[in-house]
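Undergrad: This is the structure I want to talk about, given as structure tokens.
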Amino acid sequence: MADSMNFIRSFWAFLGRPSLSLWLIYLLFADILAGSVIMKQHREIFFALETRMLQEWLATYGLKNIQVAWWFFASLFLLFFLALTTLVCTTNKTIAIIRRFYGSGIWGLLLKLSPSIIHIGFVLLLLGQLASHTLGVNSHGNILGIGRQMTVRGSGITVVLKDLKITFFNRNTSFLGMEGNAKTVSGTLLLRDPHGVHEKEISMNHPVMHEGWSFFIEDFSPKSEDVKRPPYINMTVRRDPGISLMIAGAIVFGLGLMLYLISAIQSRIGRGHVSCGVSEKYCDRPQKMNTKQGRTKISQVWMPPVLFILLFAGCSMDFEQFGQFTVKSLHDGRKEITDGIGRKLLLVPRGNKPLKGDEEARTVRVPVEKVVVYSAYNAALIKELGRVNSIAGVISPEERWYIPEIREGIRDGKISYIGEYKSIDYEKLKALKPNVVFTWDEGIIPKLEELSIPCVLTSTRIAKDLASHINFIQFLSAFYGEEEMAKSFVDAQFKEIDEISAGWKEAKSKPKVVWGDIYERKVLVEPGNSWAGQMVEKAGGDYLFHDLEGASCMQVTLEKFFSRTKGADILVTYRGPESGITSKERLRQSSRLLQAVEINPMNEGSIYFTGCRLYQTADVAGIIGELASLLHPGLFPEQKTPEYFFKLQDK
């Protein structure tokens, strides 16, 4: 017993050393600095922290990518011990001050306790953050059109979008490139709860707070007045149980800081060092503890493993991640998938009875037998899985398709053309009775939920990188039970890409490439984090916007675009003869910007446009191979008939 008490006293004294706190702070700073670099290189892993609770992220993304996420685990460990040393040091100091200055008056005692009050505020802030990330709710992908309603799970609150107002920039606005684009968005929410109906205004910069719940506009549509379709908002719904602790911590921290400044002024201390005790002897000297205190210290020693168990309790480790898309295995053969905007759906094997609480609109029976597909690339992936016959509906007419099975299917009536995305024939869609709709259009969600048809968003806020673009077939394979086939295909693709990359290593230089579109008063480019930009790098090109990050086809300033494109060797555009651009001269005539500024691709360089086939093939390695033959014709066999890139002639 005596040995145990001596150990506890020694450990307590060790935790109370000011030098230990300083070393923990230094290590934490270095760890976070390393993490900031790693996060920039692996955004697809840490992006999920925006939509998932901490314990779920740690048990899925974190452990699955430990070689990348190690610093995050280390930061939690360091933060825990920093909070523990702060608690120990504060306890020592508080006991010492009370013993020494007891009887000197409340005000004088508070001034002496000011560093301890600051420490307590810091601990409360950490506890608030922990509560927010482990006990909170963070629900994304809640789409609401005017008059539509949704129920907030676990709250008894029903939300209805009463009205929505979107204003747009005028055509003669001074903001170049913003003509006709959305300027502001605001609306009115009706919140129904057991206490009645509450009407509240919501906008991008003004969320709604109600009964501990917060409602934010994450996205909206339309973003241009040229788009004629019913407006909607995409809301994030949150409940943050740690906010009260954080507010209390901030108040206590501020109060302690104010008291400390008053104490410093009164004592005329301007150059002395601040330690965690009245003097270091109070921190370093072991304090006498009774048996109850001893048990408390032992419990603090065991707190890290207990906290670890609590964080990971109930979390499945059978988890696959493909960029921002995930597949997590649950019990009874079920799987939970996360789509491109953070919505969660259940994949339930056919024959299994639905569980209580399963929403029909978010439950997909697998393997799927009948699907509607918006994206031509997704259709190509489904074909690669050998399930092209499952495609029952598309949003492009026969003449736009290059996949023979789909052209023939539309012609024979086996595949229905349900209309352009702005004017979907919902009666025809309903008659198809699809198991799921794969779409990139958020605006269709409210109507499909009304029809009890599950839909999966296959697009993301941030452009898919090359790995995510290729691996997406593995996400789709979960709907068909063709995981092994998908994995074999992906492995073969990456192997071929590696061989292509090795083929241009001996090249003396890398051609400078830009991939984007130039319109009358604005320019769009593919960012460096996009699969298009990364294909250029894999093909041996110097992509001039490699440092740009954002959504696919993002708008950039004219100065940035022309300063970089001025010296480019190759410009890749999406617009070709199908858009009326049959030559460089026609491209110049389509844009006043090109008429005013000279860029090398318009003169000595080359301009290529991409055909529709580029988006109707699963063979990304083949696209990179053709691109490599354009960039380094002497190192790769010349392709006599281009399939994906077509050169614009001068006139």
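Undergrad: May I ask you to list the residues in segment 25-41 that are under 30 Å from residue 463 (Cβ atoms) and surrounded by 13 or more Cβ atoms within 10 Å (Cβ to Cβ)?
TA: 31, 32, 34, 35, 38, 39
Undergrad: With the structure loaded, tell me whether residue 442 is within 23 Å of residue 142 (Cβ to Cβ), of a type outside the set (Lys, Arg) and within 22 Å of the chain's Cα centre (by Cα) or whether it fails that test.
TA: Taking the combined requirement at face value, the residue satisfies it.
Undergrad: Next question. Can you tell me how many residues within segment 430-443 are within 21 Å of residue 228 (Cα to Cα) and either surrounded by fewer than 23 Cβ atoms within 10 Å (Cβ to Cβ) or touching an Asp or Glu at 6+ places or on another chain (Cβ under 6 Å) (or both)?
TA: Residues meeting the conditions: 4.
Undergrad: Quick check, is residue 108 out of contact with any strand residue (DSSP E or B) (no Cβ under 6 Å at 6 or more places or on another chain) and modelled with pLDDT under 80?
TA: For residue 108, the condition - out of contact with any strand residue (DSSP E or B) (no Cβ under 6 Å at 6 or more places or on another chain) and modelled with pLDDT under 80 - is met.
Undergrad: On the given criteria, is residue 77 farther than 24 Å from residue 139 by Cα, among the aromatic types (Phe, Trp, Tyr) and within 29 Å of the chain's Cα centre (by Cα)?
TA: For residue 77, the condition - farther than 24 Å from residue 139 by Cα, among the aromatic types (Phe, Trp, Tyr) and within 29 Å of the chain's Cα centre (by Cα) - is met.
Undergrad: Could I ask something else about it? Looking at 58, 78, 111 in this structure, which one is touching a residue at least 40 places away in the same chain (Cβ under 8 Å), in contact with a Ser or Thr (Cβ under 6 Å, 6 or more places away or on another chain) and assigned to a helix (DSSP H, G or I)?
TA: 111
Undergrad: Run residue 116 past the list (1) under 29 Å from the mean Cα position of the chain (by Cα); (2) part of a helix (DSSP H, G or I) and report the number of the one that doesn't hold.
TA: Result: residue 116 fails condition (1) only.
Undergrad: Going through segment 1-21 one residue at a time, which ones are charged (D, E, K, R) and either closer than 18 Å to residue 81 by Cα or crowded, with 19+ Cβ neighbours inside 10 Å (or both)?
TA: Of everything in segment 1-21, those that are charged (D, E, K, R) and either closer than 18 Å to residue 81 by Cα or crowded, with 19+ Cβ neighbours inside 10 Å (or both) turn out to be 9, 17.
Undergrad: Now, a different point. Which strands (runs of 3 or more DSSP E) does segment 435-521 wholly contain that include 3 or more residues that are touching a Cys at 6+ places or on another chain (Cβ under 9 Å)?
TA: Once the strands (runs of 3 or more DSSP E) in segment 435-521 are filtered for at least 3 residues that are touching a Cys at 6+ places or on another chain (Cβ under 9 Å), what remains is 436-439.
Undergrad: To continue, here is another question. When both residues are 6+ apart or on different chains and their Cβ atoms are under 8 Å apart, which pairs have a first residue that lies in segment 220-231 and is within 15 Å of residue 445 (Cβ to Cβ), and a second that is surrounded by 14 or more Cβ atoms within 10 Å (Cβ to Cβ) and among the aromatic types (Phe, Trp, Tyr)?
TA: Filtered contacts from segment 220-231: 220/232; 221/232; 231/220.
Undergrad: Then there's this: Which of the following residues is surrounded by fewer than 17 Cβ atoms within 10 Å (Cβ to Cβ) and under 30 Å from residue 186 (Cα atoms): 156, 145, 105?
TA: 156
Undergrad: Give me the residue from segment 468-490 that is of a type in the set (Ser, Thr, Tyr) and at pLDDT 95 or above and, out of that set, farthest from the chain's Cα centre (by Cα).
TA: The residue in question is 488.
Undergrad: Can you tell me which of 540, 481 is out of contact with any Phe, Trp or Tyr (no Cβ under 7 Å at 6 or more places or on another chain) and at positive phi?
TA: Matching residue, one of 540, 481: 481.
Undergrad: Scan segment 537-566 for residues that are within 29 Å of residue 636 (Cα to Cα), in contact (Cβ under 8 Å) with a residue 40 or more places away in the chain and among the aliphatic types (A, V, I, L, M) and jot them down.
TA: Of everything in segment 537-566, just one residue is within 29 Å of residue 636 (Cα to Cα), in contact (Cβ under 8 Å) with a residue 40 or more places away in the chain and among the aliphatic types (A, V, I, L, M), namely 539.
Undergrad: Something else now. Tally the residues that are in contact with a Leu (Cβ under 9 Å, 6 or more places away or on another chain) and in contact (Cβ under 8 Å) with a residue 60 or more places away in the chain, restricting the search to segment 163-187.
TA: Total meeting the criteria: 3.
Okay, residues lined up against (1) buried (at least 17 other Cβ atoms within 10 Å of the Cβ); (2) over 30 Å from residue 461 (Cα atoms); (3) in contact with a Cys (Cβ under 7 Å, 6 or more places away or on another chain):
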position: 23; (1), (2), (3): no, yes, no
position: 48; (1), (2), (3): yes, no, no
position: 55; (1), (2), (3): yes, no, yes
position: 61; (1), (2), (3): yes, no, no
position: 68; (1), (2), (3): yes, no, no
position: 73; (1), (2), (3): no, no, no
position: 89; (1), (2), (3): yes, yes, yes
position: 94; (1), (2), (3): yes, yes, no
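Undergrad: I'd like the full set of residues that are of a type in the set (A, V, I, L, M) and within 26 Å of the chain's Cα centre (by Cα), limited to segment 147-162.
TA: 150, 152, 159, 161
Undergrad: Output the residues belonging to segment 445-491 that are touching a residue at least 40 places away in the same chain (Cβ under 8 Å) and of a type in the set (Gly, Ala, Ser).
TA: Those that are touching a residue at least 40 places away in the same chain (Cβ under 8 Å) and of a type in the set (Gly, Ala, Ser): 452, 459, 463, 467, 468, 477, 478, 481, 486.
Undergrad: Another question about this same structure. If I filter segment 531-561 down to residues being in contact with a Pro (Cβ under 7 Å, 6 or more places away or on another chain) and in a loop (DSSP other than H, G, I, E, B), which single residue comes out as surrounded by the fewest Cβ atoms within 10 Å (Cβ to Cβ)?
TA: 549
Undergrad: Answer yes or no as to whether residue 34 is modelled with pLDDT of 90 or more, more than 20 Å from residue 471 (Cα to Cα) and aliphatic (A, V, I, L, M).
TA: For residue 34, the condition - modelled with pLDDT of 90 or more, more than 20 Å from residue 471 (Cα to Cα) and aliphatic (A, V, I, L, M) - is met.
Undergrad: Let me ask another. How do the pairs read when you match residues in segment 188-207 that are under 17 Å from residue 147 (Cβ atoms) with residues anywhere that are assigned to a strand (DSSP E or B) and aromatic (Phe, Trp, Tyr), using Cβ under 9 Å and keeping only pairs 6 or more apart or on different chains?
TA: That search, which allows pairs on different chains as well, returns 189/215; 191/213; 191/215; 200/215; 202/215; 202/216.
The values are calculated or read from the model by the stated rules, or taken from the named source; none is laboratory data. Since the model is a prediction, treat every value here as computed from it, not as a measurement. Neighbour counts are summed over all protein chains in view; Cβ atoms, including those assigned to glycine, are modelled from backbone coordinates with ideal geometry.
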